[in-house]
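S.K.: Please read through the structure below; I'll follow up with questions.
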Amino acid sequence: MDYSQHMTAHRRLTILEILNNVATYTAHEVDIKNELARQAQAVGTDSLRADLQWLHEQGLVLANQPGGVWFATLTAKGGDVRQGLSTVPGVARPEPK
């Protein structure tokens, strides 16, 4: 796995963690983008939307685009991957605690 793939996999895990930390497990793309930047993982809107679409295709989030803005909701499968209970190639495994 090259550096770019490693960073993408880690960012996808971070997106799952961000959604897990929201009471409704749902967040607006701007909030996700701001939180990624706060965690030193700044990303452009196109890259974030590509990640959300990819995570949606894997069944890890439900991505909706009402009115052209994106919302993402963590699924049970996404929660399992976030906790390290299952794996999906393309998403980093969480660090042991």
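The values are calculated or read from the model by the stated rules, or taken from the named source; none is laboratory data. Note that the structure is predicted; figures quoted are calculated from it, not measured. Virtual Cβ from ideal backbone geometry, glycine too; neighbours counted across all protein chains shown. For accessibility, only protein heavy atoms count, side chains too; no ligands or nucleic acids. Shrake-Rupley method; radii C 1.70, N 1.55, O 1.52, S 1.80 Å.
S.K.: Considering (1) over 13 Å from R12 (Cα atoms); (2) among the hydrophobic types (A, V, I, L, M, F, W, C); (3) in contact with an Asp or Glu (Cβ under 7 Å, 6 or more places away or on another chain), say which one L48 fails and leave the rest.
M.R.: L48 satisfies all of (1) over 13 Å from R12 (Cα atoms); (2) among the hydrophobic types (A, V, I, L, M, F, W, C); (3) in contact with an Asp or Glu (Cβ under 7 Å, 6 or more places away or on another chain) except (1).
S.K.: Then there's this: If the Cβ limit is 6 Å and pairs must be 6+ apart or interchain, which residue in region 10-25 that is within 18 Å of T87 (Cα to Cα) pairs with which residue that is open to solvent by 60 Å² or more (accessible area, probe 1.4 Å)?
M.R.: Matching pairs, first to second residue: L19/Y25.
S.K.: Looking at region 50-66 only, could you name the residues that are open to solvent by less than 50 Å² (accessible area, probe 1.4 Å) and under 20 Å from R93 (Cα atoms)?
M.R.: Within region 50-66, D51, L52, L55, G59, L60, V61 qualify.
S.K.: What are the residues in region 1-49 that are open to solvent by 80 Å² or more (accessible area, probe 1.4 Å) and closer than 15 Å to T75 by Cα, if any?
M.R.: N21, A23, T24, Y25
S.K.: Looking at the structure I just gave you, is E95 of a type outside the set (A, V, I, L, M) and free of Cβ contacts under 8 Å to residues at least 12 places away in the same chain?
M.R.: yes
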